[in-house]
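Chemist: So that we are looking at the same thing, I have put the structure below in C-alpha cells.
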Amino acid sequence: DFVQDLTIDQLNKTRIVNAVDNEMTARGYTKSDNPDFLVDLHVKLEQEESATATTTGAGGYGRWGYGWGGGFSTTTVDVNKYTNGTLFVNVIDKASEKIIWQGRGEKTINDKLTPEKRDAQINAGVASIFKNYPIPVAAKK
C-alpha cells in the first residue's frame, strides 16, 4: 500500500455530501445556521496493486528408457492497480468540539461505473456506515 496525492473529484464529493445529508434527514435532523453538532467528512485514498501469476504449458517430453527430459512453460504476471477509498464520518458536538460519534466505511473505487451506479454505490456505502448511528431512521408516515 502506498498513499499518493490522490483526490476525489467534485461530483463524488457532492454525491457523498448528499448521501450523508439524506441519512441525517432520515433521522429527523435539519440543517441550521446555528447547529448543535457538526458533521465532518474525510476521505482517504490509497493506490494498491495485486499481482497474479499464471503458468501454462508445463510438462515434460523425452524418450522412453533414457531418463532424458525437459519441458517448457510460460508464466504470465498480471498486475492490477486499484484505488481503495475510506470515508470517515465524524459527528462533533459544537459546544465541546469533541467527536461524539464516528463511522467509517471502505470501498474499492471503480472509475468505470455509470453515474447511476456510482450514485447507488455511494448511497449504499454511506447507509452502511450509518447503520451503527445511535439514532435510527425515523419511521415513515
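The values are calculated or read from the model by the stated rules, or taken from the named source; none is laboratory data. Note that this is a predicted model, so its numbers are computed, not measured. With ideal geometry, Cβ positions are generated from the backbone for all residues, glycine too; neighbour counts draw on all protein chains shown. The protein model used for the area step is the full one, side chains on, heavy atoms only, and it has no ligands, DNA or RNA in it. Shrake-Rupley method; radii C 1.70, N 1.55, O 1.52, S 1.80 Å.
Chemist: Residue by residue, what Karplus-based ³J(HN,Hα) values in Hz, rounded to whole numbers, does the stretch 40-50 have, using 6.51, -1.76 and 1.60 with θ = phi - 60° and x for Gly and Pro?
Modeler: These are the phi-based 3J(HN,Hα) values: 10, 10, 10, 10, 10, 10, 10, 8, 10, 9, 9 Hz.
Chemist: OK, next. With r as the distance between the Cβ atoms of residue 99 and residue 78 and R0 = 35 Å, compute the FRET efficiency 1/(1 + (r/R0)^6) and round to 0.05.
Modeler: 0.25
Chemist: At 7 Å along Cα-to-Cβ for each site, give me the label-to-label distance between residue 8 and residue 123 in nm.
Modeler: The answer from the label model is 1.7 nm.
Chemist: Next question. Name the long-range amide H neighbours of residue 37: under 5 Å, sequence gap of 5 or more, or other chain; modelled H, no Pro or chain starts.
Modeler: It is 94, by chain and number.
Chemist: Could you calculate the FRET efficiency of residue 113 with residue 34 from 1/(1 + (r/R0)^6), where r is the beta carbon distance between them and R0 is 41 Å, rounded to 0.05?
Modeler: The pair residue 113/residue 34 has a calculated efficiency of 0.60.
Chemist: Using the per-residue mean of other Cβ atoms lying within 10 Å as a proxy for protection, in what order, highest first, do the peptides 44-51, 100-107 fall?
Modeler: 100-107, 44-51
Chemist: Follow-up question, since we're still on this one. Using the structure shown, select from 31/112; 31/107; 31/131 the pairs with a Cα to Cα distance greater than 23 angstrom.
Modeler: From the list (31/112; 31/107; 31/131), the Cα-Cα distance tops 23 Å for 31/112; 31/107.
Chemist: In whole Hz, with x marking every Gly and Pro, tabulate ³J(HN,Hα) for the stretch 95-112 from phi via Karplus 6.51 cos²θ - 1.76 cosθ + 1.60, θ = phi - 60°.
Modeler: 5, 8, 6, 10, 5, 9, 7, 9, x, 8, x, 10, 7, 7, 7, 10, 6, 9
Chemist: Quick check: with the 1.4 Å probe, what order do 88, 130 take by accessible area, largest first?
Modeler: Reading off the accessible areas and sorting them downward yields 88, 130.
Chemist: Still on this structure, I have one more. Amide H of residue 109: which non-local residues (sequence gap of 5 or more, or other chain) have their own amide H closer than 5 Å, using H built in the peptide plane?
Modeler: Residues meeting the amide H criterion: 83, 84, 85.
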